[in-house]
Amino acid sequence: MKTTVVALANQKGGVGKTTTAINFSACLAEKRKKVLLVDLDPQANATSGLGLEKGFGSSIFPALLGESDVASLIKETGIKNLDIIPSELDLAGAEIAIARRDDYLHRLDEAMKPVIESGTYDYIIMDCPPSLGILFMNALNIADEVIIPIQCEYLALEGLGVMVDIVNQISEAGNPNLHISGILMTMYNVSTNLSQQVVQEVVKHFGERVFDTLIPRNVRLSEAPSYGKPVIEYDPHCVGSAAYRNLAKEFIKRRKKQMEPESEALPTISDVLAQSEDSDD
Ligand SMILES: Nc1ncnc2c1ncn2[C@@H]1O[C@H](COP(=O)(O)OP(=O)(O)OP(=O)(O)O)[C@@H](O)[C@H]1O
Ligand SMILES: [Mg+2]
């Protein structure tokens with residue numbers, strides 16, 4: 001089995017990286033894909049959001065230093081088909097510790113190679129910290145694809161050019177597989193024109209690279225982590241659950257290029273664009 005490695009990245013904070021990492025992973029797992037979520041953020045929000053304790057020594061840090069076998073750091077989440085390499089605050093020190101090494105941009109490569117080559121997982125999803133630091137660069141060096149969540153807010157595109165440039169540079173410099181598989185619009189507010197305008201602006205820049213699936217602002221999505229559950233377990237029938245299920249479906253469909261029916265009538269990028277064309281008439 002070929003493992004696909006996906007990084008959820010945006011140096012901007014609070015755009016929905018972790019919410020997407022947890023719920024996208026859980027929805028892929030629900031679709032019987034074997035998924036490993038790697039929490040690369042010292043804030044460890046993906047770890048606690050899936051109900052795991054932030055235990056000392058349990059992050060990927062020792063594997064980055066070559067002091068621990070990464071397989072021994074993999075934990076079950078209690079969700080079928082979904083495992084995790086947790087994070088905890090000590091990972092904040094990793095950037096300094098590995099910066100001294102010549103291969104400081106490839107430590108994750110070295111650490112993760114056995115898991116990737118074993119083909120145990122269909123997908124490895126990495127939740128990146130909100131920075132362009134060493135952990136982020138390490139993640140991009142092993143990723144096949146990057147998903148960039150963008151919040152449907154004012155200045156959504158700010159700083160995005162830098163991210164896109166870095167992805168291009170890394171793909172030219174040694175990871176030719178790497179590409180942006182999709183821009184994901186998050187926290188879409190159906191009742192504001194601003195959300196609609198931001199979507200139009202982003203589509204203007206990125207065209208088909210924007211996922212048709214929109215993630216709506218949904219309070220269930222923000223509540224679920226405090227119960228240590230992905231939203232599809234916390235409230236399987238809320239719009240947040242439907243949206244992330246649609247994302248998993250669209251992601252797989254894009255990869256297979258085959259048609260599958262959508263599961264629920266949520267607003268999509270196509271709807272927003274069609275609406276705005278109508279109102280322009
Ligand atoms: N679709 C949504 N609807 C409502 N709340 C959301 C949604 N997506 C994310 N949130 C909330 O917004 C906040 C930021 O989301 P999240 O932690 O996923 O972003 P992040 O990009 O990972 O942040 P950071 O950069 O700090 O790691 C959280 O409180 C989360 O619960
Ligand atoms: Mg986060």
Quiz item: Within the range 183-210, how many residues turn out to be out of contact with any helix residue (DSSP H, G or I) (no Cβ under 6 Å at 6 or more places or on another chain) and part of a strand (DSSP E or B)?
Solution: 3
Quiz item: In this structure, does residue 9 turn out to be under 22 Å from residue 182 (Cα atoms) and out of contact with any Asp or Glu (no Cβ under 8 Å at 6 or more places or on another chain)?
Solution: yes
Quiz item: What number of residues within the range 111-169 are at pLDDT 95 or above and of a type in the set (Asp, Glu)?
Solution: 5
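Is it the case that residue 153 is in a helix (DSSP H, G or I) and farther than 16 Å from residue 269 by Cβ? Reasoning before the result, please.
Values: in a helix (DSSP H, G or I): no; farther than 16 Å from residue 269 by Cβ: yes.
Here the answer is no, as residue 153 does not meet what is asked.
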Quiz item: How many residues, within the range 103-150, are away from ligand 2 (no atom under 16 Å from the Cβ) and either of a type in the set (Val, Ile, Thr) or not in a strand (DSSP E or B) (or both)?
Solution: 29
Quiz prompt | Subset tally (residues that are in contact with a strand residue (DSSP E or B) (Cβ under 6 Å, 6 or more places away or on another chain) and of a type in the set (S, T, N, Q)) for the range 169-187 | solution = 2
Practice problem: Might you check whether a residue that is open to solvent by 30 Å² or more (accessible area, probe 1.4 Å), closer than 27 Å to residue 31 by Cα and modelled with pLDDT under 95 occurs anywhere in the range 222-236? | Solution: no
Self-check item: Matching entry among 199, 162, 190 (being β-branched (Val, Ile, Thr), touching a strand residue (DSSP E or B) at 6+ places or on another chain (Cβ under 8 Å) and open to solvent by 30 Å² or more (accessible area, probe 1.4 Å))
Solution: 190
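The values are calculated or read from the model by the stated rules, or taken from the named source; none is laboratory data. For clarity, every value in this text was computed on a predicted model and none was experimentally measured. Positions of Cβ are backbone-derived with ideal geometry, glycine not excepted, and every protein chain shown enters the neighbour counts. Keep in mind that these areas ignore ligands, DNA and RNA; they rest on the heavy atoms of the full protein, side chains included. Shrake-Rupley method; radii C 1.70, N 1.55, O 1.52, S 1.80 Å.
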